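Okay, structure first, notes after.
The values are calculated or read from the model by the stated rules, or taken from the named source; none is laboratory data. Keep in mind that this is a model prediction, so the values were computed, not measured. When we count neighbours, we look across all protein chains shown, and the Cβ atoms used for this are built from the backbone with ideal geometry, even at glycine. Protein only, heavy atoms only, side chains kept; ligands, DNA and RNA dropped before computing areas. Shrake-Rupley method; radii C 1.70, N 1.55, O 1.52, S 1.80 Å.
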Amino acid sequence: PSAPRHTNRLAKEKSPYLLQHAHNPVDWYPWGQEAFDKAKKENKLIFLSVGYSTCHWCHVMEEESFKSEEIGEIMNKNFVCVKVDREERPDVDRVYMTFVQATSGGGGWPMSVWLTPDLKPFAGGTYFPPEDGIHRVGFRTVLLRIAEQWKENKEALLENSQKILEALLHLSEVRAQGQESPPPSQEVLDTCFQQLSNSYDEDYGGFSKSPKFPTPVNLNFLFTYWALHRTTPEGARALQMALHTLKMMAHGGIHDHVGQGFHRYSTDQRWHVPHFEKMLYDQGQLAATYSRAFQISGDEFFANIAQDILLYISRDLSDQEGGFYSAEDADSYPTTTSREKREGAFCVWAAEEIRALLPDPVEGAAEGTTLGDVFMHHYGVKETGNVDPMQDPHQELKGKNVLSVRCSLELTAARWGLEPARLGSLLQRGRQRLAAARAQRPRPHLDTKMLAAWNGLMISGFAQAGVALAKPDYVSRAAQAAAFLQRHLFDPASGRLLRSCYRGKDNAVEQSAVPIQGFLQDYAFVIQALFDLYEASLEQSWLEWALQLQHTQDKLFWDPSGFAYFSSEAGDPSLLLRLKDDQDGAEPTANSVAVTNLLRAASYSGNTEWVEKAGQVLSAYSERLRKIPISLPEMARATALFHQTLKQVVICGDPQGEDTKEMLRCVHSVFCPNKVLMVADGDSTAFLSRQLPFLASLERKDGKATAYVCSNFSCSLPVTSARELRGMLGE
């Protein structure tokens, strides 16, 4: 390729998203002092553009506007232009997204916001087409109007931006009022269950018509609700809603049947046509959720899907040093000679391609039946393509098929007169052949940024799948990733986490010149991962690190007057607001995860102040939990654990002994949301024994591995059989 015509300051950055814009004619700056100083010195407005590297509409706006010489000239003349990767700087994204949502009634990426030189927002939106259309004002027009306003009405604009900021401060405050106590759990649980039940799609599962997101937080809430109400009709419905949703998602086109893993969301009600990017945070949470579904139901179907996700991660999103990459893009070149990328090109199929790849005659079926016929029937493939034009506004998928299981294995088998087991292996052969053909296509862009928070979610996915599916390799992979975090995303001198690191030259792991410090989300998700990893591996060093990080989180983010944790640290003058997130969405909000972390930390350390803090977080969100718990299902779940008190399941025995292992297998085979597991091996110098002196008083009965179930540090009678232990865990 010829040398680029333009190069801006983003060329020095590490973020794949910022590097994608390094050769735009726009004179982009990264978020930082240099840009702020220039805006003040030249008395210019700032144009802030926020996105991420696998965002389809971000690519569209770049192609249409940021690569245009003419629009670039208008931007450079009138504004200081700043680019932010929302995955690197969720704090900056959150402040301005709060503004865009409050003023336009919607939000999303790319986010486009205009700021005064002192960083106060006064106008904003998301994607703008380049030129005026019938329904929308074009980006060029907006730029020129705003530049004109700044010239003509500067004072009014500044005054207005100050008012907006004050309103935002008031609007976004989350705090406990006076002596508020945590809301009662039964009321919160029942309201949340009712709200989910009312929005549930009986046919296809999920909790909206369209678009449909996987939202594992809803499913985890329903599993916990079922575990606490097993004998009631509501409990049965909660379980049915969760399992049906997981089945329908796994059958749908949102699940990549050929290349494994899940796409980000479905554009339609049937989980059929997705937005094709794949995000690490979805894979981590879904691996854990499908593992839980297997633990509860014993249905191998769910275990297979968990393994499918972890295969995808191990093969495509793993760094050789042990970390996990962030995402794969939706858009790619259809062929090696294509000039333009298309959404989904890597994943979709024309009917004739499948026929050509699967010509084998199928023995036992009617004369002339090929593997292609059977495969196309099972996966809903049509000669003219199976994508509704309504789901394909740019006609990028015209004539193509998104594979989606249309009927059960038994029905397809009956249709062709085959045994279901034989059909299963035929379909597998078909998928493998399509995978080999797909490997010849140009791959989508890979975002090789590694984030502490998302790595935490993925470690939990591997650790929980490892114990639920009895796969020690998964636990080892989780430990390898935790060691990676310790090496590359943790500063032992300050005891603090870092947000991100990057794959650099020769695949070495690199850090940016000024490393980004960890946010609340990084601490909450990593601490959760370390607790999950301890329970899976019984390696006490992970426990020790988790408790250390919990102390650091308290110090950096706790709000002593209004309770709960701020999302970002104090002391960054470029952040106008310190916010507390209040929604469990595609990812749980950090405060929700922090409640359960605090309860687990207290159980492993005996530090009851952490239980008190957990109650204070719930108090800060009390009003929201009572009225609209559906917006905080993970925190609603944590409310139950707070009021129930966690069960400490202590197994006294030699961790290598067969009797101890049998007890551990029993614990791991039962879904018990309100337990923490620990093994007391009699070593009084070990970390856990020093934290919890009461462990020394628990003995092995008749020299056998012995289990105790303790609550508030008082314990049940000892049991030495897995059957008795299962009974005590609520089976």
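Tell me, what is the FRET efficiency for ARG415 and SER197 to the nearest 0.05, using R0 = 41 angstrom and their Cβ-Cβ distance as r? The partial results should precede the final answer.
On the way: r = 35 Å, r/R0 = 0.86.
Calculated transfer efficiency: 0.70.
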**Asked** If the cut-off is 23 Å between C-alpha atoms, which lysines fall inside it for LYS647, apart from same-chain ones fewer than 8 positions away?
**Response** LYS613, LYS661, LYS675, LYS701, LYS704
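Would you mind working out the accessible area per residue for the stretch 9-172, using a 1.4 Å probe, and quoting it in Å²? Could you put the intermediate results ahead of the total?
Working: 6980 Å² over 164 residues.
For the stretch 9-172, the per-residue accessible area is 43 Å².
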**Request:** For TRP57 paired with LYS382, estimate the spin-label separation in nm (one decimal), with each label point 7 Å from Cα along the Cα-to-Cβ line.
**Result:** 2.7
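Would you work out the charge dipole size for the chain about its Cα centre, treating the Cβ of every Lys and Arg as +1 and the Cβ of every Asp and Glu as -1, and quote it to the nearest 20 debye?
Numbers: 75 positive and 91 negative charges, 34 e Å.
Once rounded to the nearest 20, the dipole reads 160 debye.
Given a 1.4 angstrom probe, what's the average accessible area per residue across the stretch 513-671, in square angstrom? It would help to have the intermediate numbers written out before the result.
On the way: 5120 Å² over 159 residues.
Per-residue accessible area for the stretch 513-671 comes out at 32 Å².
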**Request:** Return the subset of LYS12/LYS163; LYS163/LYS555; LYS12/LYS40; LYS12/LYS44; LYS38/LYS67; LYS12/LYS278 for which the Cα-Cα distance in this structure is over 30 Å, preserving the input order.
**Result:** LYS12/LYS163; LYS163/LYS555
**Asked** Relative contact order for the stretch 347-440: what is it in percent, counting Cα pairs under 8 Å that are at least 6 residues apart?
**Response** 31
**Message:** Of GLY518, LEU533, TRP454, which is farthest towards the positive pole of the stretch 402-549's charge dipole, taken about the Cα centre with +1 and -1 on the beta-carbons of Lys, Arg and Asp, Glu respectively?
**Reply:** TRP454
**Asked** Per the 1.4 Å probe, what fraction of the accessible area of the stretch 648-730, in percent, lies on carbon and sulfur atoms?
**Response** 49
**Complete:** Mean separation of Cα contacts under 8 Å (at least 6 apart) over the residue count of the chain, i.e. the relative contact order in percent, is 12
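If you average over every viewing direction, what projected area does the convex hull of the Cα atoms of the stretch 9-172 give, in nm²? Could the numbers behind the result be given before it?
Details: hull surface 36.5 nm².
Computing the convex hull of the Cα atoms and averaging its projections yields 9.1 nm².
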**Message:** Roughly how far apart, in whole Å, are the Cα centres of the stretch 346-381 and the stretch 76-121?
**Reply:** 49
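Any chance you could run the full-extension gain for ARG429 through LYS67? It's 0.36 nm times the residue separation minus the Cα-Cα distance, nm to one decimal. Numbers along the way, then the final one.
On the way: separation 362, 0.36 × 362 = 130.32 nm, distance 4.40 nm.
Length difference between fully extended and current span is 125.9 nm.
Carbon and sulfur: what percent of the stretch 394-443's accessible surface (1.4 Å probe)? Spell out each step's value before the answer.
Working: 1440 of 2790 Å².
Solvent-exposed carbon and sulfur of the stretch 394-443 make up 52 percent of the total.
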**Asked** What is the Cα convex hull volume of the stretch 419-458 when expressed per residue in Å³?
**Response** 93
**Request:** Let me know the shape class of the stretch 249-400, please: from the alpha-carbon gyration tensor, a ≥ b ≥ c as square roots of the eigenvalues, rounded when a/c is under 1.5, otherwise prolate if a/b is greater than b/c, or oblate.
**Result:** oblate
**Message:** Quick check: Cα centre of the stretch 390-429 to Cα centre of the stretch 594-649, how many Å?
**Reply:** 44
**Asked** Measuring from the lowest to the highest alpha carbon on each principal axis, how far does the stretch 347-440 reach, largest first, in angstroms?
**Response** 43, 28, 21
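Just subtract the alpha-carbon distance of GLU180 and ARG136 from 0.36 nm times their residue separation and send over the number in nm, one decimal. Before the final figure, lay out each step's value.
Working: separation 44, 0.36 × 44 = 15.84 nm, distance 4.64 nm.
Residue separation times 0.36 nm, minus the Cα-Cα distance, leaves 11.2 nm.
Once the other residues with Cβ under 12 Å from the Cβ of LYS120 are scored (Lys, Arg +1; Asp, Glu -1), what is the net sum?
Working: positive: LYS163; negative: ASP118, GLU159, GLU166.
Cβ neighbours under 12 Å give a net charge of -2.
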**Request:** Normalising by the residue count of the stretch 9-172, find the relative contact order in percent from Cα pairs under 8 Å and 6+ residues apart.
**Result:** 23
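Using the crude model of +1 on Lys and Arg Cβ and -1 on Asp and Glu Cβ, and no other charge, please compute the dipole size for the stretch 9-172 relative to its Cα centre, in debye to 20.
Details: 20 positive and 24 negative charges, 54 e Å.
Using only the charged Cβ atoms, the result is roughly 260 debye.
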**Prompt:** Straight-line reach from LYS83: which aspartates and glutamates have Cα under 12 Å away, leaving out those fewer than 8 places along the same chain?
**Reply:** GLU13, ASP27, GLU62, ASP93
**Complete:** Cα-based Rg and Dmax for the stretch 587-702, in Å, come out at 16.7, 53
**Lys, Arg +1 and Asp, Glu -1 on Cβ, resulting dipole of the stretch 619-684 about Cα centre, debye, nearest 20** = 660
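Tally the DSSP beta bridges in the chain and give the antiparallel ones as a percent, rounded to 5. Please list the in-between numbers first.
Working: 40 of 56 bridges.
Looking only at bridges with both residues in the chain, the antiparallel portion is about 70 percent.
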**Request:** No other cysteine beta carbon under 4.7 Å away is the test; run it over the chain and list who passes.
**Result:** CYS81, CYS192, CYS347, CYS407, CYS501, CYS652, CYS666, CYS672
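Counting DSSP beta bridges in the stretch 648-730, what percent are antiparallel, to the nearest 5?
Values: 9 of 14 bridges.
If we restrict to bridges inside the stretch 648-730, about 65 percent are antiparallel.
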**Reciprocal mean inverse distance between Cα atoms of the stretch 52-147 - Kirkwood radius, Å** = 13.9
**Asked** Please report, for the Cα atoms of the stretch 648-730, the Rg to one decimal and the Dmax as a whole number; what are they, in angstrom?
**Response** 11.7, 33
**Item:** Under 18 Å from the Cα of LYS398 - lysines, other chains or at least 8 residues apart
**Value:** LYS341, LYS382
**Prompt:** Carbon and sulfur together cover what percent of the accessible area of the stretch 474-591 at a 1.4 Å probe radius?
**Reply:** 50
**Complete:** Ranking GLY322, ALA147, CYS192 by how far each Cα lies towards the positive end of the charge dipole of the chain (+1 on Lys and Arg Cβ, -1 on Asp and Glu Cβ), the top one is ALA147
**Item:** Per-residue HN-Hα couplings for the stretch 655-664 [Karplus 6.51, -1.76, 1.60; θ = phi - 60°; Hz; x = Gly/Pro]
**Value:** x, 8, x, 4, 5, 5, 4, 5, 4, 5
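Cα-based Rg of the chain per 2.2 N^0.38 Å, rounded to two decimals? Intermediate values should be presented prior to the final figure.
On the way: Rg = 26.8 Å, N = 731, 2.2 N^0.38 = 27.0 Å.
For the chain, the normalised Cα radius of gyration comes out at 0.99.
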